[in-house]
1. Inspect segment 48-68 for any residue being of a type in the set (S, T, Y) and either under 15 Å from the mean Cα position of the chain (by Cα) or modelled with pLDDT under 95 (or both) and give the result as yes or no.
2. Filter segment 105-115 down to residues that are in contact (Cβ under 8 Å) with a residue 12 or more places away in the chain and crowded, with 18+ Cβ neighbours inside 10 Å and give me whichever is nearest to Y58 (Cα to Cα).
3. List the strands (runs of 3 or more DSSP E) inside segment 204-253, counting only whole elements, that have at least 2 residues being touching a Gly at 6+ places or on another chain (Cβ under 6 Å) and over 23 Å from T74 (Cα atoms).
4. List every residue pair whose Cβ atoms lie under 6 Å apart, where the two residues are 6 or more positions apart in sequence or sit on different chains, the first residue falls within segment 232-246 and is surrounded by fewer than 19 Cβ atoms within 10 Å (Cβ to Cβ) and modelled with pLDDT of 95 or more, and the second residue, located anywhere, is aliphatic (A, V, I, L, M) and in a loop (DSSP other than H, G, I, E, B).
5. For segment 98-135, which residues satisfy the criterion of being part of a strand (DSSP E or B) and either out of contact with any strand residue (DSSP E or B) (no Cβ under 7 Å at 6 or more places or on another chain) or under 23 Å from G214 (Cα atoms) (or both)?
6. Which residue is farthest from F198 (Cα to Cα), if the candidates are limited to segment 247-285 and must be of a type in the set (S, T, N, Q) and without any contact (Cβ under 8 Å) to a residue 40 or more places away in the chain?
7. Here's a check for you: in segment 40-50, which residue that is crowded, with 19+ Cβ neighbours inside 10 Å and small (G, A, S) is nearest to R276 (Cα to Cα)?
8. Could you tell me whether any residue of segment 143-166 is among the acidic types (D, E) and assigned to a strand (DSSP E or B)?
Amino acid sequence: MFNLQVISALSLGGTLLFTAPAFGQDAYSSSSAGTVRYFAGIGMANIKAGEYVYSGDYKVSQLDWESKGVKTGTIGGEVDIGYAWTLKGRVDVGLGGDGFMEDRDWLDTSYSGWTHQSLHPDTELDRYINVLLEAERALVDTGATRLGIGGGFGYTDVKWTARGGSYIYTNTTLHDTVGNFADGVKGISYEQRIPTVFLSANAQQRIGALTLSGVLRGGAAISYKGVDDHWLRDLRFTDTMEPAPMLGATVTADYQVLQSASIYVGGDFQKIFKTRGDAHVRNTVTGASASSEDGAASEFQSIMVTAGVKGTI
C-alpha cells in the first residue's frame, strides 16, 4: 500500500513539474539562466536513531542511539539552467561528536518491563554524512517572490560505536545481575544507510536586503539498511527495511552585505519514520548465519542549525 502511495505521489508531482505555468518559465529563463549561487557554513546537530528486534509482533530488543551538539560543516550550491529550472545540491558532514546509547531487552514475557539493560555513555559518533540533490521549477517568480515545486534524492549515512558502560541483567530473578563492561572496550557499532526520494515545495521572499526561504520535502526512504556489529559476540546483524515515510524541511534567512555576498542562518529537519524489515545475522568468526523475516525495525531523526556565507557568480 505504501509503495503505491509513493508512486502515485511522484507521478502527480512529475505531472505538475512539466505543466507549470509558462509565465514563470519565460520570466525565469530570460532573467537568470546561468546564475550560480554557493554557500558554506558551520553548525550543530542533534541526531538520533532507533534500532529494534522483533519476534512476530513482540518487541525483543530496542537500542536508542543519540548524539547532541554535533559540530557540522555544510557546503552547497545551486545553478539556474533556464526554463524556470534550478538545480540544487548540499552536503552536511559531522565533524565528530560524542553520544549515548541505551540497550534494553524484553526476554521474559512474564515481566511487563525490560529484563536486561545496558547504558553506554562512552558512545562516539563515527560518521555523519547527509547529501541532498534537487531539481526545482518556478511556478511564480516576480524577482522578489518565488514559488516552486521540485523533487530529488538524498542519502544519509550515520554510524556510532559504544564502548564500556554498565549493565543490569536478569538471570534467576528480575534484575539480579549488575556490573560494568571494561572501560574502552568496543561493545556495539551501529550504522544506518538511508537513500531517500522526495517531492518538494519551495518558497522565497526578498524584503530589501533580507531574504527568507523555506523548503518542505516529503517522500520515502528506500533500500534503507542498518548494520549492527556486536563485537563481544562476533555477530553482525544486517537489517533491510521496507520503504519508510520521510519528512524534511529547511528554513533560511540571509542578509545581503555585498552585491554578490550575504550571511545566513538556517535550520534543517529530517525524519525517517519507523519501519519494519528483515534481519540477517552472521557469526563473523565461523560464518554461521540465520535470517528472520520482518524481525527488525529502524527509525531516524536529525535537527541542525547552521550559519555561514553565500555568494553569487
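1. Checked segment 48-68: at least one residue is of a type in the set (S, T, Y) and either under 15 Å from the mean Cα position of the chain (by Cα) or modelled with pLDDT under 95 (or both).
2. So, considering only residues that are in contact (Cβ under 8 Å) with a residue 12 or more places away in the chain and crowded, with 18+ Cβ neighbours inside 10 Å, the one nearest to Y58 (Cα to Cα) is W106.
3. Hits in segment 204-253: 235-241.
4. That search, which allows pairs on different chains as well, returns D234/V285.
5. Scanning segment 98-135 gives I129, N130, V131, L132, L133, E134, A135.
6. Ranking the candidates gives Q259 first.
7. A49
8. Yes, segment 143-166 has at least one match.
The values are calculated or read from the model by the stated rules, or taken from the named source; none is laboratory data. Everything quoted here is computed from the prediction, not taken from an experiment. So basically every Cβ, Gly included, is an ideal-geometry build from the backbone, and we count neighbours across all protein chains shown.
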